[in-house]
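Written below as structure tokens is the structure these notes are about.
Just so you know, all these numbers are worked out from the coordinates, no wet-lab data involved. Computed from a predicted structure; not experimentally measured. A quick note on method: Cβ atoms are made from the backbone with ideal geometry, for glycine too, and the neighbour counts reach across all protein chains shown.
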């Protein structure tokens, strides 16, 4: 599981924030699987799009150590991610191992902040979700923020820069730039 990035899906996830990550990371040559935290593979997005995940969270090994954990936002998607005890335990282990954790929109505030992952870090989230941050977290009003092994982003408009930042963190700047160029993303946008 170490060389696979996992994008977690819960009912009400923000469509573009999930699917853009799968697309961009696969373009970068990174193995990616979508994981449903629900009891079934089929997950309904915030905008009523039905997506079939690659696997169920219950099928993850107890000692799973993915290359990256990626959390789209959306409501109630972020709240439903937070409600998954297995996901919250995995995030804790991932953080302790200093492996990549990336969250966008509501998820930095609703999922990462309560887990303590953002304590003593710089982070961003959808405006107003910083209210969930611990006092030790420095809220940065930018589209994407990288602090150590944690990547956070503000929301749907930053889905592509978020994905490119994850790709850059994992595969390096040259690969991320190649992906960006192939997608016609200007360098000043990320």
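Go ahead and run the numbers for FRET between residue 55 and residue 146, Cβ-Cβ distance against an R0 of 30 Å, rounding to 0.05. Intermediate values should be presented prior to the final figure.
Values: r = 28 Å, r/R0 = 0.92.
Efficiency at R0 = 30 Å is approximately 0.65.
Just 123, 103, 174 to compare: in a GNM of the chain, with alpha carbon springs under 10 Å, which one fluctuates most?
For the chain, modelled as a Gaussian network with Cα springs under 10 Å, the answer is 174.
Determine, from the Cβ-Cβ distance of residue 135 and residue 86 and an R0 of 35 Å, the FRET efficiency 1/(1 + (r/R0)^6), rounded to the nearest 0.05.
0.75
Grab the DSSP H runs of the chain that are 4 residues or longer, score each as -39,500 (n - 2.57), total them, divide by all residues and round the 222 nm result to the nearest 500 deg cm²/dmol.
-8500 deg cm²/dmol
Once a ≥ b ≥ c are taken as the square roots of the eigenvalues of the Cα gyration tensor of the stretch 39-109, is the result rounded (a/c under 1.5), prolate (a/b larger than b/c) or oblate (a/b not larger than b/c)?
oblate
State, to one decimal in nm, how far the label point of residue 187 lies from the label point of residue 97, with both points 7 Å from Cα in the Cβ direction.
3.5 nm
If packing is taken as the average number of other Cβ atoms within 10 Å across a peptide's residues, how do 21-34, 176-189, 154-167 rank, most packed first?
Details: 21-34: 19.3, 176-189: 13.8, 154-167: 24.0.
Peptide ranking by packing, descending: 154-167, 21-34, 176-189.
Starting from the Cα gyration tensor of the stretch 115-161, take the square roots of the eigenvalues, sort them a ≥ b ≥ c, and report rounded, prolate or oblate (rounded when a/c is under 1.5, otherwise prolate if a/b is larger than b/c, else oblate).
oblate
Specify which labelled value, from (1) 141; (2) 123; (3) 101, agrees with volume of the Cα convex hull per residue in Å³ derived from the coordinates of the model shown.
Computed from the coordinates, volume of the Cα convex hull per residue in Å³ corresponds to (3).
When the label point is put 7 Å from the Cα of residue 41 along its Cα-to-beta-carbon vector, which residues of the stretch 51-86 have a backbone N closer than 15 Å?
Label zone hits: 51-60.
Determine the shape class of the stretch 1-41: with a ≥ b ≥ c the square roots of the Cα gyration tensor eigenvalues, call it rounded for a/c under 1.5, and otherwise prolate if a/b is greater than b/c, oblate otherwise.
Verdict is oblate for the stretch 1-41.
Would you mind telling me which residue in 145, 117, 175 has the biggest mean-square fluctuation in a Gaussian network model of the chain, where springs connect alpha carbons within a distance under 10 angstrom?
Result for the chain, Cα springs under 10 Å: 175 fluctuates most.
As a test, work out the antiparallel percent of DSSP beta bridges whose residues both lie in the chain, rounded to the nearest 5.
Once the DSSP bridges in the chain are tallied, antiparallel ones form about 25 percent.
What ranking do 91-97, 46-52 get when scored by the average of other Cβ atoms within 10 Å per residue, highest first? Display every interim value, and only then the final one.
Details: 91-97: 15.7, 46-52: 12.7.
Ranking the peptides 91-97, 46-52 by packing returns 91-97, 46-52.
Describe numerically, in nm with one decimal, the distance between label points set 7 Å from Cα along Cα→Cβ at residue 33 and at residue 4.
0.2 nm
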